[in-house]
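Structure first, commentary second.
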Protein chains: 2
Amino acid sequence: MRAYDIIQKKRDGGVVTEPELKFLVGGLLSGEVKDYQLTAFLMAVYFRGMSDDEVVALTSTMLHSGTVVDLTEIPGVKVDKHSTGGVGDKISLPLAPAVAACGVPVPMISGRGLGHTGGTLDKLESIPGFRVDLSLDDYRRLVRDVGCCLIGQTKEVAPADKKLYALRDVTATVDCIPLISGSILSKKLAEGIDGLVLDVKVGSGAFMKTREQATTLARTMVAICAGMRKSVVARLTSMEQPIGQYVGNALEVMESLDVLEGKGPADTVALTVELGAEMLVLGRAAKDLDEGRAKIARSLQDGSAREKFGQIIAAQHGDRRVLDDRSRLPSAPKKTDFTAARAGRVVAADSEAVGVASLLLGGGRLRAEDGVDPRVGLQIHARLGDVVAAGQPIATLHHADRGVEDALARLHKAYVIDDPATPFAVPALFVDRIAG
Amino acid sequence: MRAYDIIQKKRDGGVVTEPELKFLVGGLLSGEVKDYQLTAFLMAVYFRGMSDDEVVALTSTMLHSGTVVDLTEIPGVKVDKHSTGGVGDKISLPLAPAVAACGVPVPMISGRGLGHTGGTLDKLESIPGFRVDLSLDDYRRLVRDVGCCLIGQTKEVAPADKKLYALRDVTATVDCIPLISGSILSKKLAEGIDGLVLDVKVGSGAFMKTREQATTLARTMVAICAGMRKSVVARLTSMEQPIGQYVGNALEVMESLDVLEGKGPADTVALTVELGAEMLVLGRAAKDLDEGRAKIARSLQDGSAREKFGQIIAAQHGDRRVLDDRSRLPSAPKKTDFTAARAGRVVAADSEAVGVASLLLGGGRLRAEDGVDPRVGLQIHARLGDVVAAGQPIATLHHADRGVEDALARLHKAYVIDDPATPFAVPALFVDRIAG
């Protein structure tokens, strides 16, 4: 087998087999296949795409390049949720404990934020002491004993994906749905899950800007999970404005605590309930979505989800007293309002720009090796469709000493205020559902 | 400037500028741009193509990565010919001395054979003592004093092309017309020429199998030369059967000597006269093609071209006595006939297969680092359209101890004999002409 022939086959629109992908990806790790051959192959994939069979084979190859956690000895159907990344997307924080509180084990290996999107790990780490760098043994133990564990990707997980991603990142081949899907799922399926709920974000703040792109991504990921014999469902949800009331790490933990206390913004709660219901159905803890919704809602109301979150925090070396005393969370020293330049209706809230504003304040990272400031971020006061007066605060920046002017400039561009008499429809939060 | 952005631009169908190409190609040599970025870019070029401006810029960048010989102090308009590679294509051997004998200096930097096509350097080296590894200083001196010099590509010439070609060769991006054109011309234009005649081969034994492909390649190369302010003309010539009577290194030298003695096969002579006429017109030694044809034909008849070849051989350390005593050329110890399996008309002579047959006898190389046996090859007796009896020799293999059975098997597939009553048109040798 020669890398050349596999590249040529893909270049010419042929279907690459699983042994060929194993040769390429295995060869990349062993050095037998050169980086410069892989990147030519990746660019050919960019142009030619991949069939479902190919992308299943690619995912399987990358998955099995590393450790695949075996949770079969833990009773129950293990289910996780994956979001393709949004702004203010803190859903995993209330969701994981709520689902676990309903009896479905949630093994969750998450990522960090990059660019305009935040990451679950960064948010969790704003809880004092919280550790996401547990060993896979500890992870397995906590899934069994607590019903949930939230950690970061370890070096043992999908090393081929790590290498491939690093090459894609410098060759303009990140933005390619088969490669995106394979990358996401080669990490997710290493968790030891039986089922997966996919939250595919669509809109201005999402990686997929159009419904068509998001649908293709969702269908591809559903096909991969099905090909890997995992139960799966994908929801397309709107990312036309930031989710909920807060963007920023500690700020999003606070909002999550609100949700776990039966409060919180309507969209954050709705996403938690809906995605939780899907997880309970996959986890066979609810016979249908309605029962699932009821169970998740009850767990948020009766404190059981909140209690589960406390257990998780404690098990992962965090200070569970944040549940009762939010002053234990880090907070920014300063606040600055971003106000409406004119009166009218908010008709656009470019959430990517909002994400970048938070990043500029220090809440996100441009490069993977950067750190984040857990304290900073934004509180969003006006949502799409709201009518504001001139000078009324649209958002409040929580900040320290950097990025305020730049962030304000971004927000000025992000928010469009129009005549209230002009008809305007607020985009629906739930866009589509694609079952396995 | 970032390699990423340039790759992305090409990926998305944008036009890459000369500074961007200089950054990429210069960065490749300095190490600032990584091999794996270049190959992704090359694959994007494979899919997106290049505009004339881009391919001119690429050629210029690769050309100026190394030494560009300056021959401006030598009087006359310096003209070379480049063939895209054929089987039995020994035209440079009679052509260069004929054109030089007509007063147009011919600075010729040639390549070696690879795969089924032979190379001018290998053919010349079958003349005892002939050296093609002269320095660029010697090359300049011989163009001035003898009017012609035929050497191999030195390390100083277009190092960027060498690096790029090595990467293309292992990433299935060789077969891409803008890259082929840039590679050919970045080497050719380093010779110090003022004009170039391109012989673009088309047909079974050519790299361009269809007239459409050959036309695109010719147009691209003409555009590059024009963009680099060189006078240029391209001829598309048929490669549906081997050129002339011999395929093989010393055997082709013998045929070239025939042509230089005013003899030789009709097609070899016609190509020499026609391409020579084009060179004389570009070199301003003939006012039109008819005058050029007459001058070249005369130089072949009156011995002046032969005498010039003798001067070239002597100046390049070869044994010029081969002109009078062909037994000084190496010859194969054995001969085996390939005979017609049935009576009828030769309607196909797959020249790629004939080239491979010669390669299998040792006359060619599969890898650039292989050597060639100058003695071996084929004498072709029957040409397209000829009627043969069963058992009549179609070709005679000149061979040593290897490859005879394999070569015969190739020839059996290459030659198709049909009913003589079936109408058959011999393909025209001269297919098209594309002027600058």
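Counting only residues at least eight positions apart within a chain, or on another chain, the lysines with an alpha carbon under 17 Å from that of residue A:287 are A:78, A:295.
Against chain A, whose longest principal axis comes from its Cα atoms, helix A:266-282 is set at around 30 degrees. In the protein assembly as shown, taking the dipole from charged Cβ atoms about the Cα centre, the farthest positive-side position among A:117, B:167, A:279 is held by B:167. When the charge dipole of chain B is built from unit charges on Cβ atoms (+1 for Lys and Arg, -1 for Asp and Glu) and taken about the Cα centre, the candidate among B:435, B:364, B:146 whose Cα reaches farthest toward its positive end is B:146. Of the whole protein surface, residue B:418 contributes about 50 Å² of accessible area at a 1.4 Å probe radius. Between helix A:249-260 and chain A there is an angle of about 80 degrees, using the helix long axis and the longest principal axis of the Cα atoms. Once the Cβ-Cβ distance of residue B:70 and residue B:284 is raised to the sixth power relative to R0 = 22 Å, the FRET efficiency obtained is 0.65. When the residues A:252, A:212 are ordered by accessible surface, computed with a 1.4 Å probe over the protein chains alone, the sequence from largest down reads A:212, A:252. Relative to the Cα centre, the charge distribution of the protein assembly as shown, modelled as +1 at Lys and Arg Cβ and -1 at Asp and Glu Cβ, gives a dipole magnitude of about 180 debye.
Using 26 Å as the Cα-Cα cut-off, could you pick out the over-long pairs in A:123/A:201; A:162/A:308; B:123/B:335; B:10/B:201; B:34/B:123? From the list (A:123/A:201; A:162/A:308; B:123/B:335; B:10/B:201; B:34/B:123), the Cα-Cα distance tops 26 Å for A:162/A:308; B:10/B:201; B:34/B:123. Across the identical copies, the label point of residue B:426 (7 Å from Cα in the Cβ direction) is separated from its matches by 8.5 nm, in order from shortest. Is it possible to state the helix-based mean residue ellipticity at 222 nm for chain B, with each DSSP H run of 4+ residues giving -39500 (n - 2.57), the sum divided by total residues, to the nearest 500 deg cm²/dmol? What is it? Rounded to the nearest 500, it is -13000 deg cm²/dmol. The A-B contact accounts for roughly 1900 square angstrom of buried accessible surface, both chains included, probe 1.4 angstrom. Ordered by solvent-accessible area of protein heavy atoms (1.4 Å probe), largest first, the residues B:35, A:12 come out as A:12, B:35. The charge dipole of chain A, taken about its Cα centre with unit charges on the Cβ atoms of Lys, Arg (+1), Asp and Glu (-1) only, comes to about 140 debye.
Rounded, prolate or oblate: pick one for the protein assembly as shown, where a ≥ b ≥ c are the square roots of the eigenvalues of its C-alpha gyration tensor, a/c under 1.5 means rounded, and failing that, prolate if a/b is larger than b/c, else oblate. Since a/c reaches 1.5 and a/b is larger than b/c, the shape of the protein assembly as shown is classed as prolate. Remark: label point of residue B:324 defined 7 Å out from Cα along the Cα-Cβ vector; separations to the same position in other copies 11.6 nm, ascending. Taking a straight line from the alpha carbon of residue B:230, these aspartates and glutamates sit under 13 Å away, with near neighbours fewer than eight places off in the same chain left out: B:80, B:191, B:194. Close amide H contacts of residue B:201 (hydrogens built in the peptide plane, cut-off under 5 Å, sequence separation of 5 or more or a different chain): B:84, B:85, B:237. For the range A:219-228, the Karplus equation 6.51 cos²θ - 1.76 cosθ + 1.60, evaluated at θ = phi - 60°, returns couplings of 4, 5, 5, 5, 5, 5, 4, 4, x, 9 Hz by residue, with Gly and Pro reported as x. Note on the range A:330-418: with charges restricted to the Cβ of Lys and Arg (+1) and Asp and Glu (-1), its dipole about the Cα centre is near 140 debye. Remark: the Cα gyration tensor places the range A:161-286 in the oblate category, a/c being 1.5 or greater and a/b not exceeding b/c.
For the range B:196-352, rounded, prolate or oblate, judged on the Cα gyration tensor with a ≥ b ≥ c (square roots of eigenvalues), a/c < 1.5 rounded, else prolate if a/b > b/c? Because a/c hits 1.5 or more and a/b fails to exceed b/c, the range B:196-352 counts as oblate. Mean partner shielding of peptide A:172-178, defined as the number of other chain Cβ atoms within 10 Å of each residue Cβ, is 4. Amide H contacts under 5 Å for residue A:394: A:338, A:339, A:340, restricted to partners 5 or more places along the chain or on a different chain, H placed in the peptide plane at 1.01 Å from N. Surface analysis of the range A:3-49 yields an accessible area of 37 Å² per residue, using protein heavy atoms and a 1.4 Å probe.
Placing R0 at 22 angstrom, the Cβ-Cβ distance between residue B:430 and residue B:387 gives a FRET efficiency of 0.35 after rounding to 0.05.
Every Cα-Cα pair of the range B:3-49 was included, and the share exceeding 15 Å stands at 33 percent. Once the C-beta distance of residue A:331 and residue A:409 is scaled by a Förster radius of 25 Å, the resulting FRET efficiency is 0.55 to the nearest 0.05.
A protection proxy built from the mean count of other Cβ atoms within 10 Å ranks the segments B:265-272, A:244-251, A:58-65, most packed first, as A:244-251, A:58-65, B:265-272.
Applying the Karplus relation 6.51 cos²θ - 1.76 cosθ + 1.60 with θ = phi - 60° to the range A:151-156 yields 3J(HN,Hα) values of 10, x, 5, 8, 5, 6 Hz, where x marks Gly and Pro.
Ordering B:23, B:41 by accessible surface, largest first, gives B:23, B:41; the 1.4 Å probe counts only protein heavy atoms, with every chain in place.
With the label put 7 angstrom out from Cα along the Cα-to-Cβ vector, residue B:138 ends up 7.2 nm from the copy partners, going from closest to farthest.
The values are calculated or read from the model by the stated rules, or taken from the named source; none is laboratory data. Just so you know, these numbers come straight off a predicted model, no measurement behind them. For neighbour counting, all protein chains shown are included, and Cβ atoms are generated from backbone atoms with ideal geometry for every residue, glycine included. Each accessible area value is taken on the protein alone, full model and side chains, heavy atoms only, with ligands, DNA and RNA left out. Shrake-Rupley method; radii C 1.70, N 1.55, O 1.52, S 1.80 Å.
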